[in-house]
Amino acid sequence: MEPKFKISHFFIHGDPLILGADVSIGIATVMIIFVLTYFKKWKWLWKEWLTTVDHKKIGIMYVIAALLMLFRGGVDALLMRTQLALPNLKVLLSEHYNEIFTTHGTIMILFMAMPLIFAMMNIVIPLQIGARDVAYPFLNAISFWLFFFGAMLLNLSFVIGGSPNAGWVGYPPLSELQFNPGPGENFYVLAIQISGIGSLATGINFLVTILKMRTKGMRLMDMPLFTWSVLATSILIIAAFPVITVTMLLLFLDRFAGAHFFTMTHGGDPMMYINLFWIWGHPEVYIVILPAFGIFSEVTSVFSKKVTFGYTSMVVSMMLISFYAYFTWVHHFFTMGAGAGVNTFFAVSTMIIAIPTGVKVFNWLLTMYQGRIRLTEPMLWTIAFIPCFAIGGATGVMLSIAPADYQYHNSYFLIAHFHQVLIGGTVFGMFAGLTYWWPKMFGFKLNETLGRWAFWLWNIGFYACFMPQYALGFMGMTRRIYTYGWDMGWAPLNLISSIGAVIMGIAFLFQVWEIAYSVKYGERDTTGDPWDGHTLEWSLPSPAPKYNFAVLPEVHGRDAWWKTKEAKERGDYEEKKQELEPIHYPKNSGIPFILSVFFFIAGFGFTFEWVWMGALGLLGVAICLIVRSFQYDTDYYISVDEIKETEAALRGEV
Amino acid sequence: MENIVSHHTDHHEEHEAHESIKIDGFWLFLVSDVLLFGALFATFIVLRTHYAEGPTSQDLFDVKEFTIETFVLLTSSFTSGLATLEMNKGHVKSLITWLIVTALLGATFVGFEIHEFSGMVSEGYKMSTSAFLSGFFTLVGTHGCHVSLGLIWMIGLIIQVARRGFTPVTERKLSIISLYWHFLDAVWIFIFTVVYLIGVM
Ligand code: HEM
Ligand SMILES: [Cu+2]
């Protein structure tokens with residue numbers, strides 16, 4: 001086939017922003033290479049990080065990547081808000097504006113929210129259930145690198161070839177070849193495809209981990225609520241991600257092979273795409289909120305020094321939410337005109353979801369009620385989440401009233417709704433989780449004062465940015481417009497909204513400062529249990545050794561670590577002296593990284609429809625898999641001596 | 001070193017537990033693959049009468065060909081079952097024989113499919129002809145890709161078993177591929193019914 005794209009499509013000319021990005025990416029790359037070479041860190045990077053299969057390190061890499069993506073997505077957001085701050089501005093032109101809101105949405109959902117959740121899952125789950133690693137450590141590394149190179153592929157589009165511009169939902173016919181002949185939408189499709197395989201594998205990995213690797217004595221109903229939330233999320237991932245894989249495949253075939261799934265001619269049906277997209281998309285919004293729910297449950301319980309109120313109803317609500325999440329997708333396009341019957345069904349199913357969510361909110365409140373509350377940073381994020389989510393849920397229910405949604409749909413009211421639940425829910429939740437488990441990850445606490453600055457700025461910025469958008473929605477401002485006139489009367493509220501966005505940007509800088517400051521001056525965690533925690537991860541030194549538990553604990557009932565501590569205090573705790581045994585441990589491997597590089601090459605090749613390059617990449621992937629299949633020497637034993645040494649060094653005792 | 005030897009039996013159990021957990025994961029993968037095919041079926045069913053200017057399913061499908069094709073694949077599922085039986089009995093040689101038979105039948109199936117597809121394309125009926133054909137090629141082709149990948153995998157496994165005989169690892173791998181193979185068979189039954197039988201009716 002004659003390639004559709006030539007080298008001349010490669011570099012985008014004539015835009016100072018992109019030129020600036022080109023230059024800064026170039027400089028950053030040179031600097032990274034220089035630093036690594038100068039300090040002779042290449043080998044360290046490869047041995048300690050790029051080839052690791054340790055869930056804790058993989059978790060940390062997810063955190064770093066996600067925060068970088070939060071920065072990139074945040075810059076997109078600020079560019080958009082600058083353009084909209086006043087009428088008739090020309091900061092971004094329409095085409096550029098379209099690209100920015102598309103990459104903003106895609107990055108924030110898939111390359112910021114998802115990896116932050118995977119980060120929390122990786123860092124916490126094995127420690128919380130008393131396991132030495134996840135079920136499939138090697139696969140876990142593959143998941144991370146696929147996510148990473150998927151994200152890189154999408155980010156590359158900004159400087160090479162041009163970004164996608166059909167929205168994060170990529171609706172046809174706009175995303176079809178006819179209206180989008182450049183490589184941009186291919187970037188979108190292939191980046192989602194590559195990282196999606198990784199996400200699916202993560203779902204399978206953690207479901208098996210939670211079901212099969214719990215330590216002795218931990219029954220399902222003894223599991224910490226964060227573990228339960230990850231169980232629910234993993235089920236949703238397994239149920240939803242195959243659908244987005246198919247959706248993206250079909251869109252790609254339309255664009256690449258001239259198929260007619262979603263085109264306007266030859267019998268194609270664009271609505272089919274929209275249905276498929278949201279069959280994945282709605283569960284996806286719950287995939288990113290449920291782990292946040294889990295974190296809030298942990299945090300409220302620990303910082304109120306109480307057991308979670310209504311544990312069973314918490315579990316049941318999460319399972320109900322993940323079940324119903326699969327039956328509400330049509331609320332994203334009531335305006336399709338599927339008929340009163342269909343719309344009624346999906347309106348009611350959407351409203352039903354609000355019930356288990358409400359149950360959870362009351363449980364958190366009742367957990368705090370009469371508790372000895374400590375207002376630490378994780379607790380602050382949790383408390384801020386509750387009113388925020390209440391408003392988000394309420395506006396969600398407003399949107400779910402199908403006839404009314406004809407008015408709200410695709411207006412700024414909708415934009416305000418989902419930012420309220422995504423920022424106030426997912427992002428605040430992840431901040432709570434990050435600050436809560438930070439000492440476990442790195443062995444030091446984050447600075448509370450700077451954390452509070454960040455907290456208040458985020459909250460003020462958030463309300464200033466998004467409350468006006470509800471009103472703008474009512475005033476008729478629709479989403480995805482790149483400018484407006486003075487005559488619309490939208491200027492004052494938009495200006496406030498943009499100021500709010502800037503405040504959130506400043507809040508982010510405070511967090512960067514908070515981290516940088518705490519690396520040097522943060523309070524060191526010498527006990528492994530800085531918050532007086534309830535669950536098993538706090539029984540380990542911070543950071544935990546690579547095998548996590550020298551001896552696997554045996555637990556009875558919930559909040560195992562809290563009970564142990566109480567027993568110790570009462571003096572009726574008998575330490576069972578258990579013999580150390582050599583620990584079976586997976587070897588590091590370079591294959592996940594190399595395999596993902598080949599996926600990246602394949603993705604890049606198909607983006608530019610250079611079939612030879614795509615085929616080459618896929619061949620590389622196949623070779624990696626075959627090589628792995630023929631490897632039998634994949635594990636080793638950590639000797640008792642090594643365990644003794646490590647434990648003595650960490651705990652200061654033998 | 002001493003420790004390792006004294007704990008030998010434990011390690012063996014640990015290893016088996018490790019292998020069985022991989023089979024659990026594979027079941028979950030199959031669940032996700034069911035959903036993948038589910039989405040493809042749904043799309044095909046929505047588009048199956050969208051012939052546009054192109055041929056209809058009656059024009060295209062050759063009853064004899066797709067019946068033989070089905071028969072070949074079903075037989076391969078049967079022979080893969082026989083291979084599993086030989087594994088349980090501990091017969092490496094006959095296991096390998098049955099796996100080779102299975103792979104050959106699988107290759108024949110793929111051959112039929114390529115023949116069918118290339119016949120259609122040479123008459124000018126391509127993915128770009130109509131939504132119906134897009135759905136057809138994609139659904140049936142995805143299944144064909146699964147079978148082809150399974151073939152490569154099976155060949156790799158035959159080599160591994162020939163070299164190493166039965167170990168917990170090779171046995172686990174053999175159980176997984178037979179699961180996979182039966183699963184592809186089940187999917188084909190649905191393709192046979194929904195695409196071909198209903199198509200020519
Ligand atoms: C739990 C966290 C939630 C998240 C992360 C979330 C996320 C989203 C997102 C991203 C959209 C926008 C889709 C688009 O691009 O058009 C959306 C729309 C919608 N949400 Fe939510 N939502 C959540 C909770 C809720 C709740 C609790 C309800 C109702 C009870 C709800 C009802 C709706 C409805 C009806 C729409 C469609 C509005 C329209 O397109 O006009 N959401 N939500
Ligand atoms: Cu939804």
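Within the same chain, aspartates and glutamates fewer than 8 places from A:K565 are excluded, and of the rest, those with a Cα less than 19 Å from its Cα are A:D222, A:E298, A:D525, A:D529, A:D532, A:E537, A:E554, A:E574, A:E575, A:E653.
May I ask you to sort B:C145, A:C465 by Cβ crowding, counting other Cβ atoms within 10 Å and putting the fewest first?
Values: B:C145 11, A:C465 23.
Sorted ascending by nearby Cβ count, the order is B:C145, A:C465.
Taking a 21 Å limit on the Cα-Cα distance, which of the listed pairs A:K306/A:K360; A:K216/A:K587; A:K57/A:K360; B:K22/B:K173; A:K546/A:K644; A:K47/B:K22 fall beyond it? Beyond 21 Å between Cα atoms: A:K216/A:K587; A:K57/A:K360; A:K47/B:K22. Find the centroid of the Cα atoms in the range A:229-253 and in the range B:128-165, then give the distance between the two in whole Å. First find each Cα centre; the distance between them is then 21 Å. For a straight C-alpha distance cut-off of 22 angstrom, the lysines reachable from B:K126 (same-chain residues fewer than eight places away being disregarded) are A:K4, B:K64. Convex hull volume of the C-alpha atoms in the range A:27-158, normalised per residue: 122 Å³. The charge dipole of the range A:198-274, taken about its Cα centre with unit charges on the Cβ of Lys, Arg, Asp and Glu (plus for the first two, minus for the last two), comes to roughly 460 debye.
At 20 °C and 1.002 mPa s, what whole-number value in µm²/s does Stokes-Einstein give for the translational diffusion of the range A:58-97, with Rh from the Kirkwood sum over Cα pairs? If you can, show how the numbers build up before the last one.
Details: Rh = 11.6 Å.
D, rounded to a whole number, is 184 µm²/s.
In percent, what relative contact order does chain A have, based on Cα pairs under 8 Å that are 6 or more apart in sequence? Provide the component values of the computation, followed by the final result.
Numbers: 1032 pairs, mean separation 114.3, N = 654.
So the answer I get is 17 percent.
A simple charge model with +1 on the Cβ of Lys and Arg, -1 on the Cβ of Asp and Glu and nothing else charged puts the dipole of chain B at about 260 debye relative to its Cα centre.
Listed from fewest to most Cβ neighbours within 10 Å, the set A:T37, A:T328 follows the order A:T37, A:T328. Between the Cα long axis of helix A:412-421 and the first principal axis of chain A there is an angle of about 10°, rounded to the nearest 10. Among A:M613, A:S497, A:L156, pick out the residue whose Cα is farthest towards the positive end of the charge dipole of the protein assembly as shown, where Lys and Arg carry +1 and Asp and Glu carry -1 on C-beta, about the Cα centre. Checking the options against the dipole of the protein assembly as shown, the answer is A:S497. Of A:F474, A:F606, A:F418, the sequence from fewest to most neighbouring Cβ atoms within 10 angstrom is A:F474, A:F418, A:F606.
Hand me the trypsin sites (Lys or Arg not before Pro) from the range A:334-398 located in a DSSP loop with no more than 12 other Cβ atoms within 10 Å, in residue order please.
Values: sites: A:K360, A:R372, A:R374; in loops: A:R372, A:R374.
Here the trypsin sites (Lys or Arg not before Pro) that fit, given the DSSP loop and packing criteria, are A:R372.
To the nearest 0.05, how large is the calculated FRET efficiency for A:L19 and A:L580 if R₀ is 45 Å and r is the Cβ-Cβ distance?
Working: r = 60 Å, r/R0 = 1.33.
E(calc), rounded to 0.05, equals 0.15.
Karplus-derived 3J(HN,Hα) values for the range A:24-35, using 6.51 cos²θ - 1.76 cosθ + 1.60 with θ = phi - 60°, are 5, 5, x, 4, 4, 4, 4, 5, 4, 4, 4, 4 Hz; glycine and proline are entered as x.
Please give the length that would be gained between A:L619 and A:K40 if that part of the chain were fully extended, namely 0.36 nm times their separation in residues minus their C-alpha to C-alpha distance (nm, one decimal). List each step's numbers first, then the result.
Working: separation 579, 0.36 × 579 = 208.44 nm, distance 3.27 nm.
Result: 205.2 nm gained on full extension.
The listed peptides A:132-145, A:245-258, B:59-72, ordered by packing as a protection proxy, come out as A:132-145, A:245-258, B:59-72 (highest mean of other Cβ atoms within 10 Å first). Relative to the dominant Cα principal axis of chain A, helix A:311-324 is inclined by about 30°.
Find, to one decimal place in angstroms, the Kirkwood hydrodynamic radius of the range A:106-173, where the mean of 1/r is taken over every pair of different Cα atoms and then inverted.
On the way: mean 1/r = 0.0712 Å⁻¹.
That comes to 14.0 Å for the range A:106-173.
How far is helix B:8-47 tilted off the main Cα axis of chain B, in degrees rounded to 10, range 0 to 90? The angle comes out near 10 degrees. Computed over the alpha-carbon atoms, chain B gives an Rg to Rh ratio of 1.09, Rh here being the Kirkwood radius from the mean inverse distance. Reported to the nearest whole Å, the Cα centre-to-centre distance from the range A:589-654 to the range B:173-201 is 32. Once Lys and Arg get +1 and Asp and Glu get -1 on their Cβ, which of A:F138, A:Q83, A:G371 lies farthest toward the positive end of the dipole of chain A? Positive-most Cα among the choices belongs to A:G371.
Centre-to-centre separation between the Cα atoms of the range A:557-572 and those of the range A:142-176: 50 Å.
The charge dipole of the protein assembly as shown, taken about its Cα centre with unit charges on the Cβ atoms of Lys, Arg (+1), Asp and Glu (-1) only, comes to about 1260 debye.
So if I take the alpha carbon set of the protein assembly as shown, get Rg, then get Rh from the Kirkwood formula, what is the Rg over Rh ratio? Display every interim value, and only then the final one.
Details: Rg = 27.8 Å, Rh = 28.8 Å.
Using Cα coordinates only, the ratio equals 0.96.
Every number in this text was worked out from the coordinates using simple rules, so none of it is lab data. Bear in mind that the values here come from a model prediction, so they are computed numbers and not experimental data. Reconstructed Cβ throughout: ideal geometry from the backbone, glycine too, with neighbour counts over all protein chains shown.
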